[in-house]
Amino acid sequence: MKVLILGSGAREHAVTWKYSKSKRITGLFIAPGNGGTGELGVNLPDVDPENPEQVIKACREYDISHVFVGPEAPLAAGIVDELKKAGIPVIGPHKAAARLEGSKIFSKNFMKSYKIPTAEAHQFSNPDKFLKHINSIKGTVVIKDDGLAAGKGVLVSSDIDELTTFGLDILKNGPLLVEECLEGYEISIFTISDGKNYKILPVCADFKRAGNDDTGPNTGGMGAICPVPIINSAMLTEIEKKIIIPTFKGMEKDKLNYAGILYFGLMMTSDGPKLLEYNVRFGDPEAQVLIPLIDSDMGNIVDAVLNGGLDEYNIRISNNSALGVVIASGGYPGEYQVGLPVKPIPSYPEKDALIFHASTTEIENNRVATGGGRCFTCVGIGPNTLKANARAYEAVKGVTFEGSWYRKDIGRKFITNDQ
Ligand code: AMP
Ligand code: GLY
C-alpha cells in the first residue's frame, strides 16, 4: 500500500506517524508535509493539496494506492471528487458532503431537518434585518460566518457594538447565522465510516481559548485530551441515539455518505448533548491525542474503510489516556513571526511522549524552524489523564524557540480525584 497524505499540520504528522507503524505500507508521501513528517516519509513540498491536477500527477508518479485528506480546504474545494474521477481511492468527503463543514447554514438546515438537537439560529444576508435583530436581543449570542474562516468565523459575545461590527464585516462577503449561546462543556466525537457503516472513536476534548482556565481569545485549539474521563457509556449512548444515528440516516437520505472521518462538535448542556457543528475531517489538536490510542494497524483500518467492511472490523483501542499541549508562536492567535529556529528537540520513548510538528521546515544540522502560529503538539501518554498530563508537560520543556508559549492547564478541569 502506498499512501499520499495531504496537509502540513500536526494532525497530518500524527496521521503520518500512524501510517508509518503499519506493516502494510510500502510508501509514505506527504504533500506538502513538514519537518516532522519528513523524518517518516517523503515530503512533496511542491504539491499543493488544493490543486487537484498536481495531486493526481503525484499519485501517478508515485503509484499511490490511496490518498488521505487531512485539512478542510482541499475537501471544500472538491479534491475528493477529482481524485475519484481519476480512479484514485480516497479517504474524505466529496464536495457536496464537505458542505456540512463548509457552510454553517447548510449544516444547520441539515440538523433541523433530521431533528438533531442544536442551538436555535436565524440566518441573515441583509444588513438592515441583521441590525434590527441584533438590537432586539439581550444577553450573549453567537455570530457565525456561513463559510470556512479558519477558526476566525465565530464570535460569542454580549457586546452589541462588537457583534454589530463582526456581523456587518461578514455580510460584506456572504450570509451569517445568529445563534443562541449554549452553556456547558464541549467535547469532540469522531466517527470513521466506510460510506455505510460507522465506528465511534474515543471521545476527545479540545481546549480552544488562548488563556488558562478557558479565558482569552479563541484559537484553533491549544491542547486536547482523549478519552474524556467524565463521559460514561450512558452519555455516549444518548449522544449516539440523538445525534450520531440521525446524522448517518440523514446523510444516507441526502446522498452525502462518504468514506472517512466525521467530527461532531458537541456542547454537553443541562438539557442534554447539543450539536454545535460538523467537521468532515479529524480535529487538530484532537487527532494528535486520539490517533496514538488506536492500536489497530492503519493499513487494516483503511482497507475496511475503502472496501465497505467496517461493520465486520473491530478497531482496537488502547486503555491508555493521552494529553496534548500545543506550543504556539509569540502573538498567536494574532500576528506572529515564522521562520524562528527551534532548539534541538530531545527524543522520548514513544510509549510515553510524542512530539508532532505543524508547518515546520528543515534547516541546517537536523534542526527545524517554525512555519505557523501553532507550531508543535507535545503529547503525553499514560494510564490516566493525570499521568498523561505530567508526561506531556515534561516533553513541553524540550521544545523551545524565541517567544514560544503554551497553556499550563490542559486537561486539568477533567482530572478527577480518583486518578
Ligand atoms: P464552531 O466553529 O461552530 O465550532 O464554533 C467555534 C467555537 O465557538 C465552538 O467550539 C464553541 O466554543 C463556540 N460556539 C459555537 N457555537 C456556539 C453556541 N451556539 N453556543 C456557545 N458556544 C458556541
Ligand atoms: N480542534 C478544532 C478543529 O479542528 O476544528
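In segment 327-379 the Cα-Cα distances spread across 5 Å bins starting at 0 as 5, 20, 28, 22, 15, 7, 2, 0 percent of all pairs.
Computed over segment 111-245, the range of Cα coordinates on each principal axis works out to 46, 38, 26 Å, biggest value leading.
Working from the alpha-carbon coordinates of segment 288-370, get Rg over Rh, Rh being the Kirkwood radius. Write down the numbers at each step before the final one.
Values: Rg = 17.7 Å, Rh = 16.0 Å.
Over the Cα atoms of segment 288-370, Rg/Rh equals 1.10.
Here the alpha carbons of segment 72-127 define both size measures, Rg and Dmax, at 14.4, 45 Å.
Within the chain, the cysteines lacking any other cysteine Cβ closer than 4.7 Å to their own Cβ are 59, 181, 375, 378. Counting pairs of Cα atoms in segment 353-419, how many percent are more than 21 Å apart? In whole percent, the long-distance tail amounts to 32. Seen from all directions on average, segment 213-267 presents a Cα convex hull projection of 5.7 nm².
Can you pull the Rg over Rh of segment 23-108, Cα-only, Kirkwood?
On the way: Rg = 13.6 Å, Rh = 13.6 Å.
My calculation of the ratio gives 1.00.
Averaging 1/r over each pair of different alpha-carbon atoms in the chain and inverting the result gives 21.9 Å, the Kirkwood hydrodynamic radius. A straight Cα-to-Cα reach below 21 Å connects residue 343 with the lysines 397, 408, residues fewer than 8 places away in its own chain not being considered.
Charged side chains reduced to their Cβ positions (Lys and Arg at +1, Asp and Glu at -1) give segment 62-108 a dipole of some 280 debye around its Cα centre.
Per residue, the Cα convex hull of segment 51-167 amounts to 131 Å³. Going by Cα centres, segment 230-309 and segment 33-112 are how many Å apart? Their Cα centres are 19 Å away from one another.
Laboratory data are not the source of any read-out in this text; all were calculated from the coordinates shown. Note that the structure is predicted; figures quoted are calculated from it, not measured. As a convention, Cβ positions derive from the backbone with ideal geometry for all residues, glycine included, and neighbour counts pool all protein chains shown.
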